[in-house]
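Asker: Can you keep this structure in mind? I'll have questions shortly.
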Amino acid sequence: MWVETAAHRLQKIDRPLVNLLKNIAMAILAAMMFLTAVDVFLRYIFNRPIAGSYEIIEYLMGMLVSFSVAYCEYENSHISVDVFLGPLSKRARVLLSFVTTIFTFFFFLLITWQAFQYISDEFKTHLTSAVLLIPVYPFIATVAVAFTILCLVLLDHMLSLFLEVREKWTP
């Protein structure tokens, strides 16, 4: 069936993209830790903090969170509430996961679409940070790209869950 083929092709696309995002997120986290440590050191020892370090950390945090959400979805490591899901049968849990994945996919598809529109709005307004005058739109673009990859991962999970629902609910 075409669903199996599509799910398999999406997995081949998802894996390298998510690994790239994961590696970038790890580098961003390391850079944030290093920048914060150096900023604190310079502030307390020499009374000379790094100008704009707070802005840089803010921008990097936006990238880190969006990249990490895609990786978390790929690894299927989001939090679920076992108090509500535990008593349900396996069939019901799979169906509920399928339905919530559909809603999540369309929600992040909307967010991704709006993020791409927001890029052009911020590019036209030339919005920059206050201290370092760093343009905002490249960072919005990284979030939009990360959410595009998240939508691919969600679509892959949705197709896999569809196959599982079809297997469990059809005789």
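The values are calculated or read from the model by the stated rules, or taken from the named source; none is laboratory data. Just so you know, these numbers come straight off a predicted model, no measurement behind them. Counting neighbours? That spans all protein chains shown, and the Cβs are built from the backbone with ideal geometry, glycine included. Areas reflect the complete protein model, heavy atoms only, side chains present, ligands, DNA and RNA absent. Shrake-Rupley method; radii C 1.70, N 1.55, O 1.52, S 1.80 Å.
Asker: May I ask you to list the residues in segment 79-118 that are over 17 Å from the mean Cα position of the chain (by Cα) and of a type in the set (A, V, I, L, M)?
Answerer: Correct list: 81, 83, 85, 88, 92, 94, 95, 96, 99.
Asker: Enumerate the pairs (first residue in segment 114-127 and on the phi < 0 side of the Ramachandran plot; second residue anywhere and open to solvent by less than 90 Å² (accessible area, probe 1.4 Å) and in a loop (DSSP other than H, G, I, E, B)) with beta-carbon separation below 8 Å, excluding pairs fewer than 6 apart on the same chain, so at least 6 apart or on different chains.
Answerer: What qualifies is 122/136; 127/136.
Asker: Out of (1) open to solvent by 50 Å² or more (accessible area, probe 1.4 Å); (2) in a helix (DSSP H, G or I), what's the single condition that is false for residue 149?
Answerer: It fails just one condition, (1).
Asker: So is residue 132 among the aliphatic types (A, V, I, L, M), open to solvent by 50 Å² or more (accessible area, probe 1.4 Å) and over 24 Å from the mean Cα position of the chain (by Cα) or not?
Answerer: On the way: among the aliphatic types (A, V, I, L, M): yes; open to solvent by 50 Å² or more (accessible area, probe 1.4 Å): yes; over 24 Å from the mean Cα position of the chain (by Cα): yes.
Considered against the rule, which asks whether it is among the aliphatic types (A, V, I, L, M), open to solvent by 50 Å² or more (accessible area, probe 1.4 Å) and over 24 Å from the mean Cα position of the chain (by Cα), residue 132 comes out as yes.
Asker: Determine the pairs where a residue that is among the polar types (S, T, N, Q), located within segment 4-17, has a partner that is part of a helix (DSSP H, G or I) with Cβ atoms under 9 Å apart, the partner being 6 or more residues away or on another chain.
Answerer: Correct list of pairs: 11/156; 11/160.
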